[in-house]
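K.L.:
Sharing a structure with you now.
The values are calculated or read from the model by the stated rules, or taken from the named source; none is laboratory data. In this text the structure is predicted, and so the values were computed from the model without any measurement. Glycine gets a Cβ as well: all are built from the backbone with ideal geometry, and neighbour counts include every protein chain shown.
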Amino acid sequence: MAHIIVVGNEKGGSGKSTTCMHVATALVRMGHRVGALDLDLRQRSFGRYVENRLAYLARSGLSLPTPAYADLPEAPANPGENPYDARLAAAVSALEPDCDFILIDCPGSHTRLSQVAHSLADTLITPLNDSFVDFDLLARVDPETGKVKGPSIYSEMVWSARQLRAQAGMKPIDWIVLRNRLGAQQMHNKKKVGAALEDLSKRIGFRVSPGFSERVIFRELFPRGLTVLDLKDTGVDQLNLSNIAARQEVRDLMRELRLPGVTHGF
């Protein structure tokens, strides 16, 4: 059985596709067989990221570790079955025999596909911009005291996914919330968000991890489908300090995910 990693957040612009591509590429570089699915059927940011990579490799003649991307197939649904359920099940079934890991990127909105994908997740990664605007997706906060009042819409969806897995006798979801775009400024706000996340993590059961800082390099690599792990292989002899720091963030994330059978030799 492939280990399924779902990257989900019901808010756009949190870095889901960047996270997907870097985790998938890191796993391939470590020798694992990795499949990839994008459930955002409209924007397809992750899918376009992989397509950009394949196009760049074809132009440059390079060969770089790349996940096996697949579009959702058209699949007949059984009577009473949701057609999107059938398409996702068919996609996972097609990839699973040849994959150690399957990366699934969910849309930045509440959809049936996203709901089902969360119930399939062995590991769930939720990238979160480090602000209370994004934190509101996870929990409601008292505006006067800053205390967490209770879980919000996305947390409730994850709770439902956990219940479905428990009823099916599946192992619990390992949920990691990534604090993305941690800036050097606004230290007071950063501490308040961090304290709120730690409080919430104990109440609803997720781990908090540093994610990716706000770096120009992440935006610049998308058109060529590259990651910070690819830079030296594409002729960049001397990495600047920001690139080195970005690469270390990816390494730290891979360690924090604690994926089964994964060593960190990339």
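K.L.:
Here is a list of conditions, (1) modelled with pLDDT of 90 or more; (2) over 26 Å from ARG33 (Cα atoms), and PRO260 meets all of them except one; can you say which number that is?
P.N.:
(2)
K.L.:
From the list PRO151, PRO127, PRO143, PRO107, pick out the single residue that is more than 28 Å from ALA70 (Cα to Cα) and in contact with a Leu (Cβ under 9 Å, 6 or more places away or on another chain). Working first, answer last.
P.N.:
On the way: PRO127 fails: more than 28 Å from ALA70 (Cα to Cα); PRO143 fails: in contact with a Leu (Cβ under 9 Å, 6 or more places away or on another chain); PRO107 fails: more than 28 Å from ALA70 (Cα to Cα).
Selected residue: PRO151, the only one of PRO151, PRO127, PRO143, PRO107 that is more than 28 Å from ALA70 (Cα to Cα) and in contact with a Leu (Cβ under 9 Å, 6 or more places away or on another chain).
K.L.:
Which condition does VAL236 not pass, out of (1) surrounded by 15 or more Cβ atoms within 10 Å (Cβ to Cβ); (2) in a loop (DSSP other than H, G, I, E, B); (3) hydrophobic (A, V, I, L, M, F, W, C), if it passes all the others?
P.N.:
It fails just one condition, (1).
K.L.:
Additional query: Can you tell me how many residues within segment 219-245 are hydrophobic (A, V, I, L, M, F, W, C) and within 14 Å of VAL23 (Cβ to Cβ)? Step through it out loud before you land on a result.
P.N.:
Kept after step one, since they are hydrophobic (A, V, I, L, M, F, W, C), are these residues of segment 219-245: 221-222, 226, 228-229, 231, 236, 239, 241, 244-245.
From what is left, the residues that are within 14 Å of VAL23 (Cβ to Cβ) are 228-229.
The qualifying residues number 2.
K.L.:
Take the residues of segment 16-31 that are in contact with a Phe, Trp or Tyr (Cβ under 6 Å, 6 or more places away or on another chain) and not hydrophobic (A, V, I, L, M, F, W, C): which is farthest from PRO73 (Cα to Cα)?
P.N.:
Once the filter is applied, the top-ranked residue is ARG29.
K.L.:
Determine whether segment 55-65 contains at least one residue that is surrounded by 22 or more Cβ atoms within 10 Å (Cβ to Cβ) and closer than 27 Å to ASN180 by Cβ.
P.N.:
Keep residues of segment 55-65 that are surrounded by 22 or more Cβ atoms within 10 Å (Cβ to Cβ), which gives none.
Checked segment 55-65: no residue is surrounded by 22 or more Cβ atoms within 10 Å (Cβ to Cβ) and closer than 27 Å to ASN180 by Cβ.
K.L.:
With segment 129-208 as the region, which strands (runs of 3 or more DSSP E) entirely inside it contain at least 1 residues that are modelled with pLDDT under 85 and touching a strand residue (DSSP E or B) at 6+ places or on another chain (Cβ under 6 Å)?
P.N.:
Passing ranges, in order: 139-141, 148-151.
K.L.:
Could you list all residues from segment 68-98 that are touching a Phe, Trp or Tyr at 6+ places or on another chain (Cβ under 9 Å), within 12 Å of ALA36 (Cα to Cα) and of a type in the set (A, V, I, L, M, F, W, C)? Step through it out loud before you land on a result.
P.N.:
Pass one, segment 68-98, residues touching a Phe, Trp or Tyr at 6+ places or on another chain (Cβ under 9 Å): 69, 72, 77.
Now narrow it down to the ones that are within 12 Å of ALA36 (Cα to Cα): 69, 72.
Across segment 68-98, the qualifying residue is only LEU72.
K.L.:
Of the residues GLY80, GLY13, which single one is under 23 Å from PHE212 (Cα atoms), of a type in the set (Gly, Ala, Ser) and modelled with pLDDT under 90?
P.N.:
GLY13
K.L.:
Condition first: in contact with a helix residue (DSSP H, G or I) (Cβ under 9 Å, 6 or more places away or on another chain), within 20 Å of ARG258 (Cβ to Cβ) and surrounded by 21 or more Cβ atoms within 10 Å (Cβ to Cβ). Now tell me which residues in segment 79-134 satisfy that.
P.N.:
Of everything in segment 79-134, those that are in contact with a helix residue (DSSP H, G or I) (Cβ under 9 Å, 6 or more places away or on another chain), within 20 Å of ARG258 (Cβ to Cβ) and surrounded by 21 or more Cβ atoms within 10 Å (Cβ to Cβ) turn out to be PHE101, ILE102, LEU103, ILE104, HIS118, ALA121, LEU124, ILE125, THR126, PRO127, LEU128.
K.L.:
Separate question: Check whether at least one residue in segment 68-78 is within 27 Å of ASN129 (Cα to Cα) and buried (at least 23 other Cβ atoms within 10 Å of the Cβ), and report yes or no. Even if it seems obvious, please write down each step before you answer.
P.N.:
Initial filter on segment 68-78 (within 27 Å of ASN129 (Cα to Cα)): 69.
From the residues that got through so far, the ones that are buried (at least 23 other Cβ atoms within 10 Å of the Cβ) too are none.
Looking through segment 68-78, none of the residues is within 27 Å of ASN129 (Cα to Cα) and buried (at least 23 other Cβ atoms within 10 Å of the Cβ).
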